[in-house]
Amino acid sequence: VQLQASGGGLVQAGGSLRLSCAASRRTASNNAVAWFRQAPGKEREFVSAIGWRGGSSFYNDSVKDRFTISRDVAGNTVYLQMNSLKPEDTAVYYCAVSRFSRSSSRLEDYLYWGQGTQVTVSS
């Protein structure tokens, strides 16, 4: 499975961005997909995940009520709508496909990773 993440960019605090993660194979529609992020000098951290067919979505507490994860009907594209962005959201955002159908926040559950898209939030 190849993943293509896009939609990152530079935005002012309080602004919005929508990230997209497109998978190359229909197989991805049977698996959970997550977004992780990594800021300079920090470990990669879980942001949000969604189960197959759009169920079982959940979020890191730091983004809850600001970010929304969704996937298209075919299940091959997953989106992350990010609102009320803060400077601390600045990071490279990665999408990843799990080996399981149920979503999780465990980095080790995810087998396939996209190349990452940079999100920069200015204050």
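The values are calculated or read from the model by the stated rules, or taken from the named source; none is laboratory data. Being a predicted model, the structure only gives us computed values, none of them experimental. Quick reminder, even Gly has a Cβ in these numbers, built from the backbone with ideal geometry, and neighbours come from all protein chains shown. Side chains included, ligands, DNA and RNA excluded: accessible areas come from the protein's heavy atoms. Shrake-Rupley method; radii C 1.70, N 1.55, O 1.52, S 1.80 Å.
Filter the stretch 24-43 for residues that are at pLDDT 90 or above and either in a strand (DSSP E or B) or open to solvent by less than 80 Å² (accessible area, probe 1.4 Å) (or both) and give the result.
Ala32, Val33, Ala34, Trp35, Phe36, Arg37, Gln38, Ala39
Which one is most open to solvent (accessible area, probe 1.4 Å), of the residues in the stretch 67-123 that are assigned to a helix (DSSP H, G or I) and closer than 13 Å to Val47 by Cβ? Explain how you work it out, then say what you get.
Filtering the stretch 67-123 down to residues assigned to a helix (DSSP H, G or I) leaves 87-89, 107-109.
Narrowing the set further to residues that are closer than 13 Å to Val47 by Cβ leaves 88-89, 107.
Details: Glu88: 124, Asp89: 1, Leu107: 74 Å².
Going through the qualifying residues, I end up with Glu88.
With surrounded by 14 or more Cβ atoms within 10 Å (Cβ to Cβ), touching a strand residue (DSSP E or B) at 6+ places or on another chain (Cβ under 6 Å) and part of a loop (DSSP other than H, G, I, E, B) as the only criterion, which of Val1, Val47 stands out?
Val1
Checking Trp52 against (1) of a type outside the set (Ser, Thr, Tyr); (2) open to solvent by 50 Å² or more (accessible area, probe 1.4 Å); (3) touching a residue at least 24 places away in the same chain (Cβ under 8 Å); (4) within 22 Å of Ser122 (Cβ to Cβ): exactly one of these is not met. Which one?
Failing condition for Trp52: (4).
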